[in-house]
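First the structure, in the form of structure tokens, and then the observations on it.
The values are calculated or read from the model by the stated rules, or taken from the named source; none is laboratory data. Values in this document were obtained by computation on a predicted structure and should not be read as measured data. Cβ placement follows ideal geometry from the backbone for every residue including glycine, while neighbour counts extend to all protein chains displayed.
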Amino acid sequence: MDAQTCLKKLGYVGVLAFATVDREGNPQVRNISAIHYEEDAIYFFTARGKDFCRELLDTGKVQVLGYTMYKEMIRLTGKVEPAPEEEQDKWRDLIFEEQPYLANVYPGNTRSIGIIFRIRDMTIEYFHLGVNPIFRETYTVGNGRAVPKGYRITDACISCGKCVGLCPQRAIEKGSPSIIRQEHCLHCGNCYENCPVSAIERRS
């Protein structure tokens, strides 16, 4: 698995949830399918008059979520900006070509009310619930930054093994100290809450 494969999988999903924050600080989510994928960026269409457009311009941030039929969750977090003015027509025409239904929504020249945004610097989190143990990994594109999440076991560990038996995904290997295999960690916090010597800490 890698970032480009994740982007391809999002393309297969088709309709993705885009999350933003409005001017009152409230979370907002829309389903968007007017999207074009490149290896190092994604481009999408929305109308300039929509609240969604204003929220993108206000914050420059967006989070995108897709879920495949194979129980794979792919979450993309990145900086968003309007595509360069000289490229707007190019990407708009391509998205309308790839998504013919858009001609029914914005017939004729009404598509000119739209604006093309792009996400180039992004972090992609891949989370596969359809395997056992579960598998997760984080990838970056451009200047995206991966922030460690979940839990780690510190040197305060007494190797009692309690956390090993509590982990629902068998992600902990007993040792001195014991080790959490991050690629299988569910981030549920069961080990963290039940460690008898508080030797487990959050990674972020």
Practice prompt. Within the range 56-76, work out how many residues are within 17 Å of ASP2 (Cβ to Cβ) and assigned to a strand (DSSP E or B).
Written response: 6
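Conditions tested, residue by residue: (1) closer than 30 Å to ARG48 by Cβ; (2) surrounded by 14 or more Cβ atoms within 10 Å (Cβ to Cβ); (3) touching a Ser or Thr at 6+ places or on another chain (Cβ under 6 Å).
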position: LYS71; (1), (2), (3): no, no, no
position: GLU86; (1), (2), (3): yes, no, no
position: SER112; (1), (2), (3): yes, no, no
position: MET122; (1), (2), (3): yes, yes, no
position: ILE134; (1), (2), (3): no, yes, no
Item to complete: Determine, yes or no, whether GLY78 is of a type outside the set (A, V, I, L, M), within 18 Å of SER33 (Cα to Cα) and not assigned by TED's automatic domain parsing to the domain that holds HIS187.
Response: yes
Fill in: Extreme residue, nearest to the chain's Cα centre (by Cα), among residues of the range 66-95 that are among the aliphatic types (A, V, I, L, M) and closer than 21 Å to LEU56 by Cα
LEU76
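Kindly establish whether GLU98 is more than 26 Å from the chain's Cα centre (by Cα) and more than 30 Å from PHE135 (Cβ to Cβ). Spell out the reasoning first.
Numbers: more than 26 Å from the chain's Cα centre (by Cα): no; more than 30 Å from PHE135 (Cβ to Cβ): yes.
It is false that GLU98 is more than 26 Å from the chain's Cα centre (by Cα) and more than 30 Å from PHE135 (Cβ to Cβ).
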Discussion item. Looking only at the range 110-151, how many residues end up being small (Gly, Ala, Ser) and under 27 Å from GLN88 (Cβ atoms)?
Written reply: 4
Worksheet item: So which of ASP51, ASP89 is under 26 Å from GLY25 (Cβ atoms) and modelled with pLDDT of 95 or more?
Response: ASP51
Worksheet item: Of PHE44, PHE52, which residue is within 24 Å of ASP93 (Cα to Cα) and part of a helix (DSSP H, G or I)?
Response: PHE52
Worksheet item: Hey, among the residues in the range 18-64 that are in contact with a helix residue (DSSP H, G or I) (Cβ under 7 Å, 6 or more places away or on another chain) and among the aromatic types (Phe, Trp, Tyr), which one's farthest from GLU85 (Cα to Cα)?
Response: TYR37
Discussion item. Pairs needed: first member in the range 99-110, surrounded by 10 or more Cβ atoms within 10 Å (Cβ to Cβ); second member anywhere, assigned to a loop (DSSP other than H, G, I, E, B) and hydrophobic (A, V, I, L, M, F, W, C); C-beta distance under 8 Å; at least 6 residues apart or different chains.
Written reply: GLN99/ALA34; LEU102/ALA34
Practice prompt. Mind listing just one residue for me: the one in the range 136-173 that is crowded, with 17+ Cβ neighbours inside 10 Å and within 14 Å of the chain's Cα centre (by Cα) and, of those, farthest from THR68 (Cα to Cα)?
Written response: GLY144
Worksheet item: Within the group THR138, THR123, which residue is touching a residue at least 24 places away in the same chain (Cβ under 8 Å), assigned to a strand (DSSP E or B) and polar (S, T, N, Q)?
Response: THR123
Practice prompt. For the range 12-24, indicate whether the set of residues that are surrounded by fewer than 15 Cβ atoms within 10 Å (Cβ to Cβ) and without any contact (Cβ under 8 Å) to a residue 12 or more places away in the chain is non-empty.
Written response: yes
Response to the item:
Residue count, the range 14-50, condition in contact with an Asp or Glu (Cβ under 9 Å, 6 or more places away or on another chain) and of a type in the set (Val, Ile, Thr), comes to 3
